[in-house]
C-alpha cells in the first residue's frame, strides 16, 4: 500500500489533481488507439469492442462534463401558511447522475456522426483511422475544457463520480414497488440509445464488407509525365527493354507489402493450353492504405512466339513455388509477340 502511494507521488501534480473520470476518459483514448493501430490487436475482435464502447459513450460524456462541471446540489426550504408548513426542494446547480449518463449516450449519438461527416469532407476521406484520430482529439479537447471549468468552481460544487452513492441509490430505487415502471422505462431508453449509437460505432470501427480490394493496372509514361494505358508495345524483339509502370491502388484498410511476380507465358502450339513460362522479375512494393503507387520497371521478353502473355501476378502474402493467375491475389496481363527481326 505504501509503495503504491509512493509511486502515485511521482506523478505530476496536474495529473494527480485531475478528476478521476476525466483521467479515465483519457486512458480510454489511449486504449482505443492501441486497439485500432497496434499490428497484433487491430486484427482481433477487441478492436470492434473497444471502438464500440468508445464511440457510444466517451465523446458524449466529456461533452456533458464540459457543459455541466458542477455536481447535483439540491436545497430544501419550508413555507408556512395558516398553521401548516410545506417543504420545497429545488436544485441549485448541476444535473443528476442518471441525467448525466443519458446525456452522455445521447450527445455521443449526435457528436459522433457530426465528426464523421466533417472527416468525410477532409482529404483523408471516410476511413476508420482518421475518424478515430478525430474523435480522440475531440475527447481530449472536451476533457481539458471540463477540467478547467471544474477547477473554476469551489471544491464543494465540483462534480466527482460518486460510485458508491450511485450503486446504493440504484438499489434503493429498484427496491421501491412504485419505481418498477419508471426503472423499466429508463432502462429501455438507455438500451435504445446504446443500440442506436452502437450502429454508428460499428460503422466507424469496421470497414464495410466488399471494400477490401487492390486495383492493378499497367501504363506507360509520356514525355509530358502523364500515365496512359494505350501505349503498351505489342511487338518485342529479344533483348529489347521497355519501360512500363505498374499501378497499385491500395484499398485494403491497412498498409500492404505487395510482391509482384512478372512472368512471360507461352501459349501452346495447339492453342489449347499454356506451355513454358519464365519468371522475369519480382517487385517488392509497399503501399499505404488509400494511396496509389506507379512503380516503374523495365521488361525484356525472351520467349519467341506470336502469342506470349506477359503477366503481373500480385501477392499480399507468400509467393507459391509456381506463380499462376489462379493462385495470385490480383493480376493483370498483356498479350505480345516476340520475334527476331
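Of 246, 189, all but one fail to be surrounded by 15 or more Cβ atoms within 10 Å (Cβ to Cβ) and either in a strand (DSSP E or B) or at pLDDT below 80 (or both); the exception is 246.
When residue 106 is tested against the conditions (1) closer than 25 Å to residue 47 by Cβ; (2) modelled with pLDDT of 85 or more; (3) surrounded by 13 or more Cβ atoms within 10 Å (Cβ to Cβ), the lone failure is (1).
All told, residue 126 falls short of being under 27 Å from residue 94 (Cα atoms) and in the same structural domain as residue 35 (by TED's automatic domain parsing). Can you spot a residue in the range 48-63 that is out of contact with any helix residue (DSSP H, G or I) (no Cβ under 7 Å at 6 or more places or on another chain), at pLDDT 80 or above and surrounded by fewer than 19 Cβ atoms within 10 Å (Cβ to Cβ)? Looking for residues that are out of contact with any helix residue (DSSP H, G or I) (no Cβ under 7 Å at 6 or more places or on another chain), at pLDDT 80 or above and surrounded by fewer than 19 Cβ atoms within 10 Å (Cβ to Cβ), one finds at least one in the range 48-63, hence yes. Mind checking which residues of the range 317-341 are more than 13 Å from residue 263 (Cβ to Cβ) and surrounded by 15 or more Cβ atoms within 10 Å (Cβ to Cβ)? Those that are more than 13 Å from residue 263 (Cβ to Cβ) and surrounded by 15 or more Cβ atoms within 10 Å (Cβ to Cβ): 329, 330, 337, 338.
Per-residue answers, yes or no, for (1) over 22 Å from residue 230 (Cβ atoms); (2) touching a residue at least 24 places away in the same chain (Cβ under 8 Å); (3) part of a strand (DSSP E or B):
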{"site": "276", "(1), (2), (3)": "yes, yes, yes"}
{"site": "297", "(1), (2), (3)": "no, yes, yes"}
{"site": "319", "(1), (2), (3)": "yes, yes, no"}
{"site": "331", "(1), (2), (3)": "no, yes, yes"}
{"site": "337", "(1), (2), (3)": "no, yes, yes"}
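Among the conditions (1) surrounded by 12 or more Cβ atoms within 10 Å (Cβ to Cβ); (2) touching a residue at least 24 places away in the same chain (Cβ under 8 Å); (3) over 38 Å from the mean Cα position of the chain (by Cα), the only one that residue 241 does not satisfy is (1).
The values are calculated or read from the model by the stated rules, or taken from the named source; none is laboratory data. Everything numeric here is computed off the predicted structure, so don't read it as measured data. So basically every Cβ, Gly included, is an ideal-geometry build from the backbone, and we count neighbours across all protein chains shown.
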